Amino acid sequence: MVMRLLSSKRWGPLITRFLKWLTQVTGTRRFERMAAFAGVGSRESQEDIFNILQGYYPSDTEFIVLPMDFSYMGAGRSKQSYLDQLGELRQLKRDPLIGPRIHPFVAVDPRRPDFFEMTQDLIQNQGFTGIKIYPALGFFPFDDRLTKLWEWAESEQIPVMSHCSRGGVYFRGSPQEISRPSGSHREFSLVESNAEWTDQLSDPVCFRRVLRSFPKLKVCLAHMGGEDECDQWLSESWPYHLRQSNWLSVILGLMKEYPNVYTDLSYTGYQPKLHPLMHVLIRDPGTGARILFGSDFYMVHQHATEREFSIRLRSLLSEDEFRRISHVNPQHFLSKA
C-alpha cells in the first residue's frame, strides 16, 4: 500500500517528503531508500528511467534491459500493456544515442498467443538481443509450449535470462491453473501462500530438464539463487543427497555440468556478508568466466544507490576481475557466435 501511494502523482510527493523527514529523525536510510525506489518506479517512461540509470555509470556503458509481461499472472490489468512496453523499447533501440547502449530482451510467457513468432521477429528484425523468463508468474521453464523456443535459442545461441530467486512478483491465481507438463520434476507441495508455492516454478532444478534436452542452451540463472539461498549454503552442511534443495548448490552444479550456464550478482550483491563468497566464485576457474555483473536496477535502490552498489563490489576485486564480470563475460553471454 505504501509503495502504491508513493507511486501516485497526488500522494507521492507528500509521502516522499515525510519519509525524508523520518530519515533525519531516525538516523536510518531505510525510509529514504524506500522513497528513492518508488520515485524511479513511478517515472513516466522507460527513457526517463534509463536516463537515471546511465547517470551512475561511465558514458560508454551498455545495459541489458529486461522487460516484464504481467498479463497472465492473475493480478489484474497493468497500467501499461506489455505490447506498449515493447513498443517503447523498439523506439529506444532506434534512438541514435540510446540504441547502441541497450540490449533489450523479450519477456516470454508461454500463455501469450504467438509468443514464439513475436520473439523471433523482435530478435531477428528489430534489434532485440535475448529472451527473459520469469517462471514465478505462472509457468515451468520446461513447459511443453517452450520447447520450440529453446530449440531455436540453442541453435542460434540466443542468450536466455531466467529469474532465479525466491520472492519477487508471483502468480496470484489458483495452482490448478498452472500447466504441469507430463513428468514434471515434482508435484506442487501446496502451502499457505502463493508466494511460497510459486517459488517452485523458479527453482533452478527445473532447468535441469531443459538442459538435458538442450545442453548447449545459453542461460543465466540470475541472482545466484538469492540472498537467503546463498546464506543457507554458507551456513549449513550440504551432503550430496541434499544438494538439490539449495538453489546456489544447484546453480553451481549446473555450471559445472553445462558449459553455457551462467549466473549473475544482480540484487543479491547488495549484501556485504555475501561478498567473500562472490569473490571466491569469481576467482574460481570453473565459475569465474560465467559470472556476470548486474544490479537489478531499480530494485537495488531499496538498499543502496546504483553507484554505491557497483563501487562496493568493485572494491573487492582486482581491475582484471571486475573487467571480467562487467565486460568480458557479458560479451560472451550476449554473443551469438
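Data for the structure
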| quantity | calculated |
| --- | --- |
| Phi-based couplings in Hz for segment 304-311 (Karplus 6.51, -1.76, 1.60; Gly and Pro marked x) | 7, 6, 4, 5, 4, 4, 6, 5 |
| Förster-model FRET efficiency, 22 Å R0, Arg212 and Gln124, C-beta, rounded to 0.05 | 0.20 |
| Karplus-derived HN-Hα couplings along segment 235-250 (A = 6.51, B = -1.76, C = 1.60, θ = phi - 60°), whole Hz, x at Gly and Pro | 8, 10, 6, 10, x, 3, 6, 9, 5, 6, 8, 10, 5, 5, 4, 5 |
| Amide proton proximity set for Ala304, modelled H, under 5 Å, gap of 5+ | none |
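Read-outs throughout are calculated quantities, based only on the coordinates presented, and are distinct from any laboratory measurement. Predicted model, so just to flag it, every value in this text is computed and none were measured. Neighbour counts are summed over all protein chains in view; Cβ atoms, including those assigned to glycine, are modelled from backbone coordinates with ideal geometry.
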